[in-house]
Amino acid sequence: MEVTVNGEARMLHRSRTVADFVNELELPAPTLLIEHNGTALHRSEWPATPLAEGDRIELLRVVAGG
């Protein structure tokens, strides 16, 4: 299925939920903020949030600094 990630089209082959998507990209979950179709998701919602053709995902990586 094709989804839009940070404004770019991307084909997903194995991901069926937001949690699957994070695992597929091998991203460190504790550093991510995710918006799915305009709604910010809490990490506990990722496994229960299904992905569908045409969905929009925004990924933000949180970094500490000073």
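Read the figures in this text as sums done on the coordinates, not as results from a lab. Computed from a prediction, not measured in an experiment: that's the story for all the values here. All Cβ positions, even for glycine, are placed from backbone atoms using ideal geometry, and neighbour counts span all protein chains on display.
Sequence-distant contacts, meaning Cα pairs under 8 Å at least 6 residues apart, place the relative contact order of region 2-61 at 47 percent.
Place a point 7 Å from Cα of residue 43 in the direction of its Cβ. Which residues in region 3-28 have their backbone N less than 12 Å from it? Under cut-off, by backbone N: 28. For the peptides 14-21, 56-63, 44-51, the ranking by packing is 14-21, 44-51, 56-63, with the highest mean count of neighbouring Cβ atoms within 10 Å listed first. Between residue 60 and residue 35, the contour length at 0.36 nm per residue exceeds the alpha carbon distance by 8.1 nm.
Computed per residue of the chain from DSSP H runs no shorter than four, each worth -39500 (n - 2.57), the mean residue ellipticity at 222 nm is -3000 deg cm²/dmol. Overall, the chain carries a charge dipole of about 140 debye about its Cα centre when +1 sits on the Cβ of Lys and Arg and -1 on the Cβ of Asp and Glu, all other atoms neutral. Taking Lys and Arg as +1 and Asp and Glu as -1, the other residues whose beta-carbon sits under 12 Å from that of residue 58 total -1. Each other residue within a Cβ distance under 15 Å of residue 9 adds +1 if Lys or Arg and -1 if Asp or Glu, for a net charge of -3. Projected onto its three principal axes, the C-alpha set of the chain covers 40, 23, 22 Å, listed from the longest axis down.
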